[in-house]
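Report on the following structure.
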Amino acid sequence: MTQTTRELQISPVADPVELPIDGPLLPAPLVRFIANVAQRLLPWAVPVGLIVLWQIASSLGWLSTRVLPAPVDVVKAAWTLTASGELWTHVQVSAGRALAGLAIGGGLGLLLGLLTGSVKLFETLLDSTIQMVRNIPALALIPLVILWFGIDESAKLFLISVSVFFPIYLNTFHGIRNVDPGLIEMGRTYGLGRWQLYQQIILPGALSSILVGLRFSLGLMWVILIVAETISAQAGIGYLTMNAREFLQTDIVLVGILLYALLGKLADLFAKGLERYWLRWHPGYGAP
């Protein structure tokens with residue numbers, strides 16, 4: 001027994017088996033693709049989660065359909081309006097108003113921002129007046145605008161133009177003023193003329209600030225459009241929602257509200273696309 005125990009004690013222990021070290025479970029391009037898709041989908045996680053909770057609450061009867069219809073009912077209402085062509089007509093009218101107001105107000109803001117930012121005389125002459133007018137809320141002008149323009153399209157365009165004017169003006173002015181003076185001096189040293197300096201140094205240097213003003217203006221444009229289209233409009237998303245309110249069609253009211261949100265998001269994506277294209281030379285805006 002003792003001999004057997006001794007033999008067991010001195011029996012050699014098997015060497016541990018060294019497993020081969022495997023490489024990564026997934027190839028690197030696939031990992032990068034999954035990470036890229038996840039990064040793009042992540043911002044939509046919260047909205048989708050809220051919609052799912054909204055649908056669950058509606059299905060369980062926690063939300064009254066008169067107060068807040070279920071997302072499925074809102075989708076059905078949007079599909080009905082789309083199939084009849086009514087939705088597209090109202091979107092066209094609203095988008096036309098918004099873009100016309102942006103062209104008028106944004107164009108004036110850009111022009112005056114360039115003038116006051118570039119020429120001291122124009123700054124002294126115009127900037128104080130513009131700053132005083134800037135502090136008047138656009139919505140406070142509605143009674144006066146109705147007296148001036150009535151309830152036609154010109155009143156709506158005026159309100160949108162005023163609201164988008166100031167962000168573009170201010171950002172253009174400060175963009176021009178914040179251009180590095182050393183770059184301008186270097187351009188002069190290289191013999192650039194006034195227009196060449198403007199084209200090759202000042203405008204590219206101010207462009208990021210101008211585009212920030214454009215993004216602010218695009219957001220304000222849709223906000224003021226909602227209010228402007230409540231002034232006796234005969235077409236547009238605002239008219240659609242106000243008309244639906246009269247008949248207690250809350251699902252259509254929500255369709256109109258979500259349309260404003262969708263158009264605002266598309267406008268912001270458009271502005272970001274402009275930033276990436278026009279500022280592709282800038283390390284902060286170029287493609288990653």
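The values are calculated or read from the model by the stated rules, or taken from the named source; none is laboratory data. Since this is a predicted model, take the numbers as computed values, not measurements. For neighbour counting, all protein chains shown are included, and Cβ atoms are generated from backbone atoms with ideal geometry for every residue, glycine included. Heavy atoms of the whole protein, side chains included, go into the accessibility calculation; ligands, DNA and RNA do not. Shrake-Rupley method; radii C 1.70, N 1.55, O 1.52, S 1.80 Å.
Condition check for Q39 on (1) modelled with pLDDT of 85 or more; (2) farther than 17 Å from T241 by Cα: one failure, at (1). Of all residues in segment 34-55, exactly one satisfies the criterion of being touching a Pro at 6+ places or on another chain (Cβ under 7 Å) and open to solvent by 70 Å² or more (accessible area, probe 1.4 Å), namely I51. In summary, helices (runs of 4 or more DSSP H) completely within segment 118-179 and bearing 1 or more residues that are under 22 Å from L197 (Cβ atoms) occur at 153-177.
Restricting attention to segment 181-224 and to residues that are within 30 Å of L263 (Cα to Cα) and among the aromatic types (F, W, Y), the residue that is surrounded by the fewest Cβ atoms within 10 Å (Cβ to Cβ) turns out to be F216. Scanning segment 57-87 for residues that are modelled with pLDDT of 90 or more and farther than 26 Å from I237 by Cβ turns up nothing. State yes or no: is S94 modelled with pLDDT of 80 or more, more than 27 Å from the chain's Cα centre (by Cα) and part of a helix (DSSP H, G or I)? Criteria not met by S94. Filter segment 193-229 for residues that are out of contact with any Ser or Thr (no Cβ under 9 Å at 6 or more places or on another chain), touching a residue at least 40 places away in the same chain (Cβ under 8 Å) and closer than 16 Å to F173 by Cβ and give the result. Hits for segment 193-229 are L207, S208, L211, V212, L214, F216.
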